[in-house]
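The values are calculated or read from the model by the stated rules, or taken from the named source; none is laboratory data. Small disclaimer: the values here were computed from a predicted structure and weren't measured. Glycine also receives a Cβ, built like all others from the backbone with ideal geometry; neighbour counts cover every protein chain displayed.
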Protein chains: 2
Amino acid sequence: MTKRPAIVSAGMTQFGNLQGKQLLDILIEASTKALEAAKISPSELRGIYVSNALGEVTSKILSSSTALADAIGAKGLPAERVENGPASGSAAIRYAAFDLLRGGRGPILVVGGEKMRVAETEAITDLISMISHPTAEYPSGATMPALAAMFARLRMERYGIKYEHLAMVAVKNHQNALKNPYAHLKKPITMDDLLGKDSNRINPVVAEPLRLYDASPISDGGAAVILTDGDSAASYAEKPVEILGIGESTDYLAVQDREDPAALKAVRDAADMAYRDSGVSPSEIGVAELHDAFTILEIAISEEAGLFKPGEGHLALERGETQIAGRIPINPSGGLKARGHPLGATGVAQAVEVFWQLRGEAYGRQVKGARYGLTLNMGGFGSNAIAMVFGIV
Amino acid sequence: MTKRPAIVSAGMTQFGNLQGKQLLDILIEASTKALEAAKISPSELRGIYVSNALGEVTSKILSSSTALADAIGAKGLPAERVENGPASGSAAIRYAAFDLLRGGRGPILVVGGEKMRVAETEAITDLISMISHPTAEYPSGATMPALAAMFARLRMERYGIKYEHLAMVAVKNHQNALKNPYAHLKKPITMDDLLGKDSNRINPVVAEPLRLYDASPISDGGAAVILTDGDSAASYAEKPVEILGIGESTDYLAVQDREDPAALKAVRDAADMAYRDSGVSPSEIGVAELHDAFTILEIAISEEAGLFKPGEGHLALERGETQIAGRIPINPSGGLKARGHPLGATGVAQAVEVFWQLRGEAYGRQVKGARYGLTLNMGGFGSNAIAMVFGIV
């Protein structure tokens, strides 16, 4: 059987406040790292897919894929940019995978990047709000933190989740990020910081019940992977990581229109599709990078993606099952919460982490015995979701 | 042999100054027309690919594909947006075609749209200039008209092209647009208007040697096609139009870096690739929609895409060979020049015109005897190009 498209190399920039670096600098740096890691010259590339969400606004650039091809000396090849809000990274990997699956040639570079620290937090929050419903949500000030807060309240009431559980996600992911050299937030935090007597100062309310440490930071950053068809992958890398399955689905754009506003139907459908496509079942997943733009989302997605039963995600978290040494480690990279969340880079960074984890190259944060990995990258507030199952087979 | 992906339906909005219509309205209208033309319900769709270049800036919208899926009642399916500057339309068709070629299911909606009339011409020209080189061109004021003017000068000197030839392109394409109900400019012009004693008033210089009528207008508009795999296409339409070949290539982003600044190497490479992919030769092309953002580009692309020998495009034009009744009709729709050029819609509108022409549905502007059609959609000032060969086989 023909093998599936495979990742043969990966690279990342530091995530954080990358002062002095523009969008193109970030894309170039991530690309160069992935190319050098596999000793692939830019002139060998057969295609470039760039993931970026906000380039027109933050960086005054159109067709950033063409600009990147030029900048790294890889002309004369197809170069495209894909935008799907915060799910842009997985969308670009999907396009590249389809290119290979239809019989196209590799190696293909997929790079996601975002320059977000171009304005004050308020202006950036407004920019990101462009993914909400343009008439039903955006004009009412339904920013992502506001939507996440309502979602958290519903989910907490339904399943008996306490604020302590949200804090556990933050503490775990900050802990993981301490061992990730590329992470934005390298700041150990404790349950006492988030819940103790100084918590109103350290962890102030942003949108009740969510507090400062429940939200991912505003980060610049880039991440890149190099894909080839599965059959030639072995000539580029010793342990290529195959993309075994891809799923994508959409839901009502406005949360208020959904049958169950506390569910993430697009996430469930996308994950189901990726499991079917790959033949891998949720119980076989050994490591997962999930879209924890807010702490509540890690818990909710872990259930919607089938890793735990509905309402049991916070119990598994409480038992330590999602820690690096646990049964099913979630966000060993630190996740969006602590590694950072440069919109266009996030989906690619998730794939980079799974690539490193499955190959045993995650150093201090290495999970044990994972054969299959899952990424779940979400757009809007759950209006679009892309799931991928990876494995070394 | 398995057939190639095929277009089974098409639809367009009016192109022009669509006051009161927002980007999403435009995308919905074009989509609905294509769906209704083939009696396909939105719930039957298996995927949506949106082409749009400037939505973040002009319309404050991210992930417009998700918003569109929601708006037309087509949830639970993959929905992506592709951006490749003025070549975005063909880029979205390419993604959809790859989806089908890798074994994905149709019908798939591809819709391109742009809301451009949101500011004064000067501000729009600045927006479009984001496709030029961010450091070598943009800060020097190298707008598209400026780059086109230098390109025209070089090409005119090399091949003995006169201003009369540029005017002939404008007159021909305005004439064609009069017979296209969707065209932006429905304004008959004559050689005397453009060259006669009142020409300085009617056709003032914009960037020497280019004048007002050498540039495409700033248009709002949308265009949509529905694709299926070739084998099931017959169940949706009587004469499906197959996408027989696709080619894409890039060149140096800054014109000044190119070995020959008067050549369009990416266009040549993309067209060559599309001919190879399709097995169709340039001499078999019976109708072509070429990226005439400026009149000189129609002449140049007609040569670079192999329809005429180098330096002979203006001679073929002079002989009337590119008119609707000519040997190889170019831009029977009116082209970008007169149908209009809403960035994200253009590549899709080119495919719509070829679909109608090959099926004999182009009414007053119908070309005769065309079996194969070519679209050539360009990004930047020739830094990216996508070519497609279509046919009823």
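At a glance:
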quantity	calculated
Pair list, Cβ under 7 Å, 6 or more apart: region A:51-80 residue touching a residue at least 40 places away in the same chain (Cβ under 8 Å), other residue basic (Lys, Arg)	A:Asn52/A:Arg81; A:Thr58/A:Lys115; A:Ser59/A:Lys115; A:Ser64/A:Arg81
Matching residues, region A:172-195, being outside any loop (DSSP other than H, G, I, E, B) and either more than 21 Å from the chain's Cα centre (by Cα) or surrounded by fewer than 23 Cβ atoms within 10 Å (Cβ to Cβ) (or both)	A:Gln175, A:Met191, A:Asp192, A:Asp193, A:Leu194, A:Leu195
Helices (runs of 4 or more DSSP H) within region A:10-123 that include 2 or more residues among the polar types (S, T, N, Q), within 14 Å of chain B (Cβ to nearest Cβ) and under 30 Å from B:Val255 (Cα atoms)	A:55-59, A:64-71
A:Asp229 within 14 Å of another protein chain (Cβ to nearest Cβ) and in contact with a strand residue (DSSP E or B) (Cβ under 7 Å, 6 or more places away or on another chain)	no
Residue that is under 23 Å from B:Ile392 (Cα atoms) and buried (at least 24 other Cβ atoms within 10 Å of the Cβ), where the choices are B:Pro342, B:Pro332	B:Pro332
Residue tally, condition farther than 30 Å from A:Ala142 by Cα and either of a type in the set (Val, Ile, Thr) or touching a strand residue (DSSP E or B) at 6+ places or on another chain (Cβ under 6 Å) (or both), over region A:232-254	10
Within region A:196-224, considering residues that are in contact with a Pro (Cβ under 9 Å, 6 or more places away or on another chain) and either among the basic types (Lys, Arg) or part of a loop (DSSP other than H, G, I, E, B) (or both), the one surrounded by the most Cβ atoms within 10 Å (Cβ to Cβ)	A:Ser219
Residues within region B:255-281 that are crowded, with 19+ Cβ neighbours inside 10 Å and in contact with a strand residue (DSSP E or B) (Cβ under 9 Å, 6 or more places away or on another chain), tallied	13
Restricting region B:294-304 to residues that are out of contact with any Pro (no Cβ under 7 Å at 6 or more places or on another chain) and of a type outside the set (Val, Ile, Thr), the residue that is farthest from B:Ala385 (Cα to Cα)	B:Phe294
Residue identified as away from chain B (no Cβ under 14 Å), touching a residue at least 60 places away in the same chain (Cβ under 8 Å) and of a type in the set (Ser, Thr, Tyr) among A:Tyr163, A:Tyr159	A:Tyr159
Flag for B:Val205 being among the aliphatic types (A, V, I, L, M), in contact with a strand residue (DSSP E or B) (Cβ under 7 Å, 6 or more places away or on another chain) and free of Cβ contacts under 8 Å to residues at least 60 places away in the same chain	yes
Residue check, A:Pro139 without any contact (Cβ under 8 Å) to a residue 24 or more places away in the chain, in a helix (DSSP H, G or I) and closer than 30 Å to B:Ser59 by Cα	yes
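Every residue, every condition in (1) farther than 28 Å from B:Asp257 by Cα; (2) more than 11 Å from the chain's Cα centre (by Cα); (3) modelled with pLDDT of 95 or more; (4) basic (Lys, Arg), yes or no:
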{"site": "B:Gln323", "(1), (2), (3), (4)": "yes, yes, yes, no"}
{"site": "B:Ala351", "(1), (2), (3), (4)": "yes, no, yes, no"}
{"site": "B:Ala362", "(1), (2), (3), (4)": "yes, yes, yes, no"}
{"site": "B:Gln366", "(1), (2), (3), (4)": "yes, yes, yes, no"}
{"site": "B:Thr375", "(1), (2), (3), (4)": "no, no, yes, no"}
